[in-house]
Amino acid sequence: MKFRTMGRHVKESFRSIGRNGWMTFASVSAVTVTLLLVGVFVAIMMNLNKLADDLENNVEVKVYAELIADEEQLATLEEEISTTLGVQEVVYSSKEQELVKLAETMGQEFQLYEQDNPLFNTFYVKAATPKETLAVAARIAKLDSVERVEDGRAQVQKLFSVLDVSRNIGLVLILGLLFTAMFLISNTIRITIVARRRDIEIMKLVGATNWFIRIPFIFEGMWLGIMGAILPITLVSIAYYNLFNLFNVELASTGIYSLLTPMPFLLQINALLLAMGIVIGVWGSFMSVRKFLKV
Amino acid sequence: MKFRTMGRHVKESFRSIGRNGWMTFASVSAVTVTLLLVGVFVAIMMNLNKLADDLENNVEVKVYAELIADEEQLATLEEEISTTLGVQEVVYSSKEQELVKLAETMGQEFQLYEQDNPLFNTFYVKAATPKETLAVAARIAKLDSVERVEDGRAQVQKLFSVLDVSRNIGLVLILGLLFTAMFLISNTIRITIVARRRDIEIMKLVGATNWFIRIPFIFEGMWLGIMGAILPITLVSIAYYNLFNLFNVELASTGIYSLLTPMPFLLQINALLLAMGIVIGVWGSFMSVRKFLKV
Amino acid sequence: MIQMKDVYKKYPNGIVAANGITVDIKQGEFVYVVGPSGAGKSTFIKMMYREEKPTSGDIIINGMNLAKIKAKKVPLLRRQIGVVFQDFKLLPRMNVYENVAFALEVIEESPKVIRKRVMEVLDLVGLKHKARMFPTELSGGEQQRISIARSIVNRPKLVIADEPTGNLDPDTSWEIMNIFQEINSRGTTIIMATHNKEIVNTLKHRVIAVEGGMIARDEAEGDYGYEI
Amino acid sequence: MIQMKDVYKKYPNGIVAANGITVDIKQGEFVYVVGPSGAGKSTFIKMMYREEKPTSGDIIINGMNLAKIKAKKVPLLRRQIGVVFQDFKLLPRMNVYENVAFALEVIEESPKVIRKRVMEVLDLVGLKHKARMFPTELSGGEQQRISIARSIVNRPKLVIADEPTGNLDPDTSWEIMNIFQEINSRGTTIIMATHNKEIVNTLKHRVIAVEGGMIARDEAEGDYGYEI
Ligand SMILES: Nc1ncnc2c1ncn2[C@@H]1O[C@H](COP(=O)(O)OP(=O)(O)OP(=O)(O)O)[C@@H](O)[C@H]1O
Ligand SMILES: Nc1ncnc2c1ncn2[C@@H]1O[C@H](COP(=O)(O)OP(=O)(O)OP(=O)(O)O)[C@@H](O)[C@H]1O
Ligand SMILES: [Mg+2]
Ligand SMILES: [Mg+2]
């Protein structure tokens, strides 16, 4: 194929976009609506995933020090814990602090037990990766001066399995949605091309090769995809940016949860939307034209 | 219009479904895929909503009885609480039981305090409607022999506002999805009809009235909607029924949460899917044909 | 039956296809419309059944003024006119039988009458044996004859034919002309645009010659003219 | 140039449109194909540029055996043949200029050559002034002339025309015939299905009469036949 023919194909694809007015509009709006849906759901799902991560990362091991341990032993224990394999963070809380906390939740009457505090000096330990929590707990249990380790085995495992299940459901939903979006967009493009099957047949009868007919359609599909992605990208970006500013401060104040920061996230999601638009547009055109080239 | 003409229109609509093979397939599959998406999301959202309801319904007011209250006074108090406006359920828990509970969560050391129990005899009160919780708490606080009422004001309000926000988000998502589905389906139907605009023009030139042309298209839209709803209805029903059986036992064991039972719920969701299919099919056809009747 | 007065038609692209046409055609007449390619014959004809609206001027068919008629009444007008379109305009997704029957279905004839009349008229154009075939399975001439069959099946008072023999061999053309002669002799008005010199010169009728959107000649018992 | 041997064509609906056709057409010949409506003229012609594949038999065009040619080679075959289709087959979303230019674009001519040749050929069929119009804005005869223009624009060695004058008045028909005569005299083979008795009888050339899918008559310098 000569180079100038490629130029002709690009020009032809633009002309076709313009002249198929209604059909172009139908395709572009199908792409727009579908990608908007995808964008909104992906944004929500990925943030829920982030929240689940945050939750998971917040799982702690509670280490009770022996009652007889003195200041020095406690310092040694803290040192040992923090150098244990897989430990990310250790926070110490004396039994007096623990009583204050308890009183806060249970009622002021507990303050009365100050002189006869039944509680332990406690270390709150966070594992580097949530899944390691149990292993870390086991390692710490073997250290000196440790009375008892509470890894919340049941709770931790339950939480992990719940999060895993919901993450998988989310993934399935997103994949289902992506698949649906692909199907709907290529379906729409296909119908608009079916409506032009006679054109394709005539071109073939006049001596056009398959690629000569196909290439303008492929370019056209690409423009459709790009045009359809513009609005979703704009809307998702604006909406996310504003929602982020609105909610993140409040969420961040918990110290645990936060939303995905707009900067890399919006780039990723916009790239996804644009890529989907283009890939489906091109692929949809390619597949649909194929059917009618056998004249 | 004569009655037999209506019969002709129905027959014509079936014939057209058959003869437009590829276009019929494209429309039906667009309806199928879209309604499947709607079905899955509506099922998930409504169950999440149910879980939120369950959570909300589980909010309790904790009523501490005065330490000096004797058996008789406690019985009177229980009687008074249960007749208080807006109270649905009262459960009594003696201070011994409370200590056992505490020991369960805090560690066995607390059992040591059995002789010198610092806890209160407690009533757990559930309001008839979750939103009334605070009002109920206030009413109970005025009763005799009540030491203190813990309504968890901050937590309750926070929970309610979180649930309200998420429910609203869910509603917006569902509405957005429904709107998108409507748009996509009627868009698809519209393109298939555009492809037949020449037919419509010819019919008009041969002397057909607008209704004569429109009615078969409307029937056709109806069949498309119905055919497109079959698969989603079947799949959603089977999937939901199985998931319900798989998860509900485990969930119900919590005593708090449960999924929507398949029986009325599946009927509702299937009715929604079928209605959407038909309404959009009919409406999409009607609107699309309109454009080309002005010949 | 048909009166046109100062009819003027300018297409959106600026082409003036009817430039002041005044003509009067009586019930029962047989009129040839002749003229070079692009002269405005089809436009002249299309305005009679309102496929095209005139830009100005009055067209009165059967007492209805097409310039003032409501959109709702247009189907009623068209049912009184049988049209053979230059490009046939058959419905591609209906078979031959259904295409012809359609003209009777719109006037809500009974199925029995429809079946009888459609078969009769298909027989007349010699295509009874192809009733179940689709337009794409027919030759050009066969499609043209289906279009002719459809135009006469509901026995309209006016038949408008735009080059009804353009795709037919001379023998078949004469058969079609015999059909037109026959229904004309029963009182139907016939207006026929044609390039067929032989037919016009042999079967003498009124000839209207259109040139550049104007009536250049209007002769009772005229001939084709335009000698080479 | 063209050899057909025992060519047989049965359409999916069971109709046999070519029933053992054997024919030999030499480079530079001018052949009329005549016969009644539905005789199989278009089918005969369509098999030459492979719009239809024969059910059995051999068709050899320019040394290529169409029964064995690969699908990829078909466009190359079609570029050597200019076709005037009975139903014009113009691209509705392209204007007149683009429709004609398309036949040159597929062979990747330079834009300069394309512009020059397209304008030349539009001038030849008398439609240079309508280059920017769309097919729907043209009269039947004008569309037919565009189809003719497209068929000759790339100067093919073989022109196949299916009733190229069906929608044209006699004057314009003769102009088109002059063009065909002219390119034929330069060595182009011309095969033309027609119902125009006057042309066939005036401008004498080889006549192949098709009837019921068979060659009923094949005369050099023949006439139309089928006297009424
Ligand atoms: N829909 C249209 N839009 C714009 N211009 C049109 C349209 N239809 C016809 N024309 C123009 O109007 C003029 C007359 O066209 P018309 O179809 O009436 O000619 P005609 O006499 O029927 O020719 P033919 O014998 O070739 O069929 C032509 O020049 C044509 O280009
Ligand atoms: N695509 C098709 N499918 C089925 N049958 C067809 C098809 N095309 C043509 N036929 C049949 O084949 C026969 C020959 O058709 P063809 O078009 O070759 O006739 P023709 O000689 O060109 O007639 P005309 O002069 O009317 O154009 C006809 O009876 C027609 O019904
Ligand atoms: Mg015309
Ligand atoms: Mg033919």
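The values are calculated or read from the model by the stated rules, or taken from the named source; none is laboratory data. Remember, predicted model here, so these are calculated numbers, not experimental data. Backbone-built Cβ (ideal geometry, glycine too); neighbour counts: all protein chains shown.
Among the residues of region B:245-267, is there at least one that is touching a helix residue (DSSP H, G or I) at 6+ places or on another chain (Cβ under 9 Å) and within 14 Å of chain C (Cβ to nearest Cβ)? No, the conditions are met nowhere in region B:245-267.
Residues that are modelled with pLDDT under 95 and of a type in the set (S, T, N, Q) within region C:149-180 comprise C:Asn154, C:Thr165, C:Asn167, C:Thr172, C:Ser173, C:Asn178, listed in sequence order. Comparison of C:Ile59, C:Ile81 shows that the only residue that is in contact with a Leu (Cβ under 8 Å, 6 or more places away or on another chain), within 17 Å of C:Ala103 (Cβ to Cβ) and away from ligand 4 (no atom under 16 Å from the Cβ) is C:Ile81. Residue count for region B:156-170 satisfying the condition of being surrounded by fewer than 19 Cβ atoms within 10 Å (Cβ to Cβ) and either touching a residue at least 40 places away in the same chain (Cβ under 8 Å) or within 10 Å of another protein chain (Cβ to nearest Cβ) (or both): 8. Remark: pairs (first residue in region A:21-35, surrounded by fewer than 17 Cβ atoms within 10 Å (Cβ to Cβ); second residue β-branched (Val, Ile, Thr); Cβ separation under 8 Å; 6+ apart in sequence or on different chains) = A:Trp22/B:Val194.
Of all residues in region C:6-39, which are in contact with a Ser or Thr (Cβ under 7 Å, 6 or more places away or on another chain) and on the phi > 0 side of the Ramachandran plot?
First, pick out the residues of region C:6-39 that are in contact with a Ser or Thr (Cβ under 7 Å, 6 or more places away or on another chain): C:6, C:8-10, C:17-18, C:25, C:27-29, C:32, C:34, C:36-38.
Scanning region C:6-39 gives C:Asp6, C:Gly28, C:Gly38.
Consider region D:187-213 and keep the residues that are within 16 Å of ligand 4 (Cβ to nearest atom) and not β-branched (Val, Ile, Thr). The one that is farthest from D:Ile15 (Cα to Cα) is D:Asn196.
Pick out the one residue from C:Gly38, C:Gly20 that is within 30 Å of D:Phe134 (Cα to Cα) and either part of a strand (DSSP E or B) or in contact with a Phe, Trp or Tyr (Cβ under 7 Å, 6 or more places away or on another chain) (or both). Break it down into steps so the answer makes sense when it comes.
Working: C:Gly38 fails: either part of a strand (DSSP E or B) or in contact with a Phe, Trp or Tyr (Cβ under 7 Å, 6 or more places away or on another chain) (or both).
Of C:Gly38, C:Gly20, the one residue that is within 30 Å of D:Phe134 (Cα to Cα) and either part of a strand (DSSP E or B) or in contact with a Phe, Trp or Tyr (Cβ under 7 Å, 6 or more places away or on another chain) (or both) is C:Gly20.
Could you say which residue among B:Glu109, B:Glu79, B:Glu104 is of a type in the set (Asp, Glu), out of contact with any strand residue (DSSP E or B) (no Cβ under 8 Å at 6 or more places or on another chain) and at pLDDT 85 or above? Don't jump to the end; show me each part of the working.
Details: B:Glu109 fails: at pLDDT 85 or above; B:Glu104 fails: at pLDDT 85 or above.
Sole residue among the options that is of a type in the set (Asp, Glu), out of contact with any strand residue (DSSP E or B) (no Cβ under 8 Å at 6 or more places or on another chain) and at pLDDT 85 or above: B:Glu79.
Across region D:83-131, the qualifying residues are those that are closer than 11 Å to D:Ile146 by Cβ and among the basic types (Lys, Arg), and the one among them that is nearest to ligand 1 (Cβ to nearest atom) is D:Lys130. Among the residues that make up region A:126-136, is at least one of them part of a strand (DSSP E or B) and at pLDDT 80 or above? Yes.
For region A:245-279, the set of residues classified as of a type in the set (A, V, I, L, M, F, W, C) and modelled with pLDDT under 90 consists of A:Leu246, A:Phe247, A:Val249, A:Leu251, A:Ala252, A:Ile256, A:Leu259, A:Leu260, A:Met263, listed by residue number. Is it true that some residue in region C:85-94 is away from chain B (no Cβ under 14 Å) and away from ligand 2 (no atom under 16 Å from the Cβ)? No, there is no match, as no residue in region C:85-94 is away from chain B (no Cβ under 14 Å) and away from ligand 2 (no atom under 16 Å from the Cβ). Note on region C:186-216: residues that are more than 22 Å from C:Ile81 (Cα to Cα), of a type in the set (Lys, Arg) and more than 14 Å from chain D (Cβ to nearest Cβ) amount to 1. In the set (1) closer than 15 Å to C:Ile45 by Cα; (2) away from ligand 4 (no atom under 16 Å from the Cβ); (3) crowded, with 21+ Cβ neighbours inside 10 Å, the condition left unmet by C:Glu163 is number (2). Against the conditions (1) away from ligand 1 (no atom under 16 Å from the Cβ); (2) at positive phi, D:Glu163 satisfies every one except (1). Of all residues in region B:59-72, none satisfies being surrounded by 14 or more Cβ atoms within 10 Å (Cβ to Cβ), more than 9 Å from every other protein chain (Cβ to nearest Cβ) and part of a helix (DSSP H, G or I). Assessment of region D:29-36 against the conditions (away from ligand 4 (no atom under 13 Å from the Cβ) and over 20 Å from D:Thr188 (Cβ atoms)) yields no matching residue.
Residue by residue, here is whether (1) away from ligand 1 (no atom under 16 Å from the Cβ); (2) more than 23 Å from C:Glu211 (Cβ to Cβ); (3) aromatic (Phe, Trp, Tyr); (4) surrounded by 15 or more Cβ atoms within 10 Å (Cβ to Cβ) holds:
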position	(1), (2), (3), (4)
C:Gln3	yes, no, no, yes
C:Asp6	yes, no, no, no
C:Thr22	yes, no, no, no
C:Val34	no, no, no, yes
C:Gly38	no, no, no, yes
C:Met64	yes, yes, no, yes
C:Ile69	yes, yes, no, yes
C:Val74	yes, yes, no, yes
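Of all residues in region D:176-185, those satisfying the criterion of being within 14 Å of chain C (Cβ to nearest Cβ) and either under 14 Å from D:Ile146 (Cβ atoms) or surrounded by fewer than 17 Cβ atoms within 10 Å (Cβ to Cβ) (or both) are D:Ile176, D:Asn178.
Out of the residues in region C:46-72 that are of a type in the set (Lys, Arg) and more than 10 Å from chain B (Cβ to nearest Cβ), state the one that is nearest to C:Val23 (Cα to Cα).
Step one: filter region C:46-72 for residues of a type in the set (Lys, Arg), giving C:46, C:50, C:53, C:68, C:70, C:72.
This time we only want the ones that are more than 10 Å from chain B (Cβ to nearest Cβ), so: C:53, C:68, C:70.
Working: C:Lys53: 17, C:Lys68: 19, C:Lys70: 23 Å.
Looking at the filtered set, the residue picked out is C:Lys53.
Does B:Trp283 meet the test of being out of contact with any Lys or Arg (no Cβ under 8 Å at 6 or more places or on another chain), among the hydrophobic types (A, V, I, L, M, F, W, C) and buried (at least 18 other Cβ atoms within 10 Å of the Cβ)? Before you say what the answer is, go through the steps one by one.
Values: out of contact with any Lys or Arg (no Cβ under 8 Å at 6 or more places or on another chain): yes; among the hydrophobic types (A, V, I, L, M, F, W, C): yes; buried (at least 18 other Cβ atoms within 10 Å of the Cβ): no.
Criteria not met by B:Trp283.
Within region A:248-280, the set of residues being exposed (fewer than 11 other Cβ atoms within 10 Å of the Cβ) and of a type outside the set (Ser, Thr, Tyr) comprises A:Val249, A:Glu250, A:Gly255, A:Met263, A:Pro264. Does B:Gly39 count as without any contact (Cβ under 8 Å) to a residue 12 or more places away in the chain and in a helix (DSSP H, G or I)? So B:Gly39 does not fit the description; no.
In the set C:Lys68, C:Lys73, only one residue is assigned to a helix (DSSP H, G or I), more than 16 Å from ligand 2 (Cβ to nearest atom) and either farther than 19 Å from B:Leu205 by Cβ or at pLDDT below 95 (or both); that residue is C:Lys73.
Taking the condition at pLDDT 95 or above and within 16 Å of ligand 1 (Cβ to nearest atom), does D:Ile146 pass? Walk me through it before giving the result.
Details: at pLDDT 95 or above: yes; within 16 Å of ligand 1 (Cβ to nearest atom): yes.
When the stated conditions are applied, D:Ile146 passes them.
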